[in-house]
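S.K.: Starting off with a structure, shown below.
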Amino acid sequence: MGGIAPAELAAVRGRLEGFADEILESLPRKDQRARGECYLRGLMLDGRRKSVEPMAQRLGEVHYQALHHFVAVSPWDWRPVRRRLAEVLVAALSPTAWAVDDTGFPKDGEHSVGVQRQYSGTLGKTANCQLGVSVNAVTEDASCPLDLRLFVPESWDEDAMAERRTACHLPEHVHHRPKWRLVLDMLDELATWGLAPPVLVGDAGYGEVGEFRQGLDDRQLPYVVQVKGDTSVYPEQARPTTAPYAGRGRRPQPRYRERPCSLKQLALAADQSAWVDLIWRRGSKGLQRSRFLALRVRPAGITPRRQAAARADGAGWELPVRWLLVEWPTDKAEPTRYWLSNLPQATPMVELVRLGKLRWRIEQDYRELKGALGLDHFEGRSFPGWHHHVTMVAVAHGFLTLERLRRPKRMASA
């Protein structure tokens, strides 16, 4: 089971009610706000399932239909709730970075919005599930979702899915978008709320997409994102050259004459003296250390070349220089992880390592979001219901996080 004991919840109820009043202020009716506060307590109370019926039974003060109507039927807008939550959390946490991630919601049937057989990294397999994408505020001690979106598979845009879309109340304007585009959409939304990441971190599912990195560059957002070892790059000193003009036809355009190499090739060719042994985490399992290499490189994929050439109108262009960070544990036969970053040239290696490794915090908090607060326990099928539920889970998690930071020795992990 997961959650906190009734006595412990009772001890913080006054602060919870104040927190709920602030975060749920945008809900137009008093009864909606009251049910929202009940829903939060239901999510936090100790119990195996955090779906509506068992939560109502544990609370013992609200009818199942009232909670069900609040989360699945009531038309309240979740966006202002998320905005207020994000503003409060960013102000309270002063995050080191924002992390992007996605997680799977296992489903038995085929009628829940966005469900299909698809790969989920958190599930570690292809399964019948929904996928949610999130942007999270992260510190060394905590992380909290700031915004969440449901991933809509391409199959849900087909004409044959029209009836199911209607049954799930999926808005006509909501269609398939790759996960990395959902992240850019959320970053744009958060920017309209006056919030921007100090640094963005993410795994290779996002970092290896050249269009995603370019989207971050276009928005002037700093990042340290994981990539795969076969990503193509040029050394920093590489430059495009222009072949002599033959006097007829189109003039030659500048281009890189050398063949790019992979990150793995570049790392293996580096002098062993360039590798540095660093402690990247001090935790309950002791010191976490590994060997790291930091080099300046020019990412060489099709997208970076096209974007660089387009910005210079094809004349005098150069690929931008980025940091390459590589991890090669001493007990491994070859490097294991790679990151690219647009942080300034003066950034110390230890800072690149700290940021590259910061994603571990998300995995820990996703376990709480799911195991203790029931992020993936919603049994409804509708698009608004899914967003209502995950929003309330984020509010509950945000409250518990702030409580732990306020009195860490007394507030146990939910």
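S.K.: Do you know which of the residues in region 53-111 that are among the aliphatic types (A, V, I, L, M) and open to solvent by 70 Å² or more (accessible area, probe 1.4 Å) is nearest to residue 43 (Cα to Cα)?
M.R.: Ranking the qualifying residues of region 53-111, first place goes to 73.
S.K.: Taking the condition of a type in the set (Gly, Ala, Ser) and in contact (Cβ under 8 Å) with a residue 40 or more places away in the chain, does residue 56 pass?
M.R.: Working: of a type in the set (Gly, Ala, Ser): yes; in contact (Cβ under 8 Å) with a residue 40 or more places away in the chain: no.
No.
S.K.: Tally up the residues in region 219-257 that are more than 26 Å from residue 97 (Cβ to Cβ) and touching a Phe, Trp or Tyr at 6+ places or on another chain (Cβ under 7 Å), please.
M.R.: 7
S.K.: Can you find a residue that is over 20 Å from residue 79 (Cα atoms) and either within 18 Å of the chain's Cα centre (by Cα) or buried (at least 22 other Cβ atoms within 10 Å of the Cβ) (or both) anywhere in region 181-196?
M.R.: Of region 181-196, the ones over 20 Å from residue 79 (Cα atoms) are none.
Scanning region 181-196, I find no residue that is over 20 Å from residue 79 (Cα atoms) and either within 18 Å of the chain's Cα centre (by Cα) or buried (at least 22 other Cβ atoms within 10 Å of the Cβ) (or both), so the answer is no.
S.K.: Let me ask something else about it. Select, from 311, 257, the only residue that is in contact with a Ser or Thr (Cβ under 8 Å, 6 or more places away or on another chain), surrounded by fewer than 12 Cβ atoms within 10 Å (Cβ to Cβ) and either of a type in the set (Asp, Glu) or at pLDDT below 95 (or both).
M.R.: On the way: 311 fails: in contact with a Ser or Thr (Cβ under 8 Å, 6 or more places away or on another chain).
Only one candidate qualifies: 257.
S.K.: When you check residue 137 against the structure, is it within 26 Å of residue 223 (Cα to Cα), modelled with pLDDT of 95 or more and surrounded by 21 or more Cβ atoms within 10 Å (Cβ to Cβ), yes or no? Can you show your working first?
M.R.: Details: within 26 Å of residue 223 (Cα to Cα): yes; modelled with pLDDT of 95 or more: yes; surrounded by 21 or more Cβ atoms within 10 Å (Cβ to Cβ): yes.
Here the answer is yes, as residue 137 does meet what is asked.
S.K.: Within region 314-329, can you find the residues that are farther than 17 Å from residue 234 by Cβ and either modelled with pLDDT under 90 or of a type in the set (D, E, K, R) (or both)?
M.R.: Matches in region 314-329: 314, 315, 327.
S.K.: What helices (runs of 4 or more DSSP H), lying completely within region 331-414, carry at least 3 residues that are within 17 Å of the chain's Cα centre (by Cα) and touching a residue at least 60 places away in the same chain (Cβ under 8 Å)?
M.R.: Working: elements: 349-356, 360-367, 383-406.
Filter on region 331-414 gives 360-367, 383-406.
S.K.: Could you tell me whether residue 160 is without any contact (Cβ under 8 Å) to a residue 40 or more places away in the chain and over 20 Å from residue 203 (Cβ atoms)?
M.R.: Numbers: without any contact (Cβ under 8 Å) to a residue 40 or more places away in the chain: yes; over 20 Å from residue 203 (Cβ atoms): yes.
Considered against the rule, which asks whether it is without any contact (Cβ under 8 Å) to a residue 40 or more places away in the chain and over 20 Å from residue 203 (Cβ atoms), residue 160 comes out as yes.
S.K.: Limited to region 140-164, what total is found for residues that are farther than 18 Å from residue 386 by Cα, of a type outside the set (D, E, K, R) and open to solvent by 20 Å² or more (accessible area, probe 1.4 Å)?
M.R.: Total meeting the criteria: 4.
S.K.: Now for a different question. Which ones in region 1-44 are assigned to a loop (DSSP other than H, G, I, E, B) and surrounded by 22 or more Cβ atoms within 10 Å (Cβ to Cβ)?
M.R.: Passing the criteria: 3, 24.
S.K.: Here's something else I'd like to know. Quick one: how many residues across region 110-134 are in contact (Cβ under 8 Å) with a residue 60 or more places away in the chain, over 14 Å from residue 375 (Cα atoms) and part of a strand (DSSP E or B)?
M.R.: Of the residues in that region, 0 qualify.
S.K.: Does residue 262 satisfy the condition of being at pLDDT 90 or above and open to solvent by 90 Å² or more (accessible area, probe 1.4 Å)? It would help to see each step written out before you state the result.
M.R.: Details: at pLDDT 90 or above: yes; open to solvent by 90 Å² or more (accessible area, probe 1.4 Å): no.
So residue 262 fails the test.
S.K.: List the number of the failed condition for residue 98; all other conditions in (1) out of contact with any strand residue (DSSP E or B) (no Cβ under 6 Å at 6 or more places or on another chain); (2) in a strand (DSSP E or B) hold.
M.R.: That leaves (1) as the condition not met.
The values are calculated or read from the model by the stated rules, or taken from the named source; none is laboratory data. In this text the structure is predicted, and so the values were computed from the model without any measurement. When we count neighbours, we look across all protein chains shown, and the Cβ atoms used for this are built from the backbone with ideal geometry, even at glycine. Side chains included, ligands, DNA and RNA excluded: accessible areas come from the protein's heavy atoms. Shrake-Rupley method; radii C 1.70, N 1.55, O 1.52, S 1.80 Å.
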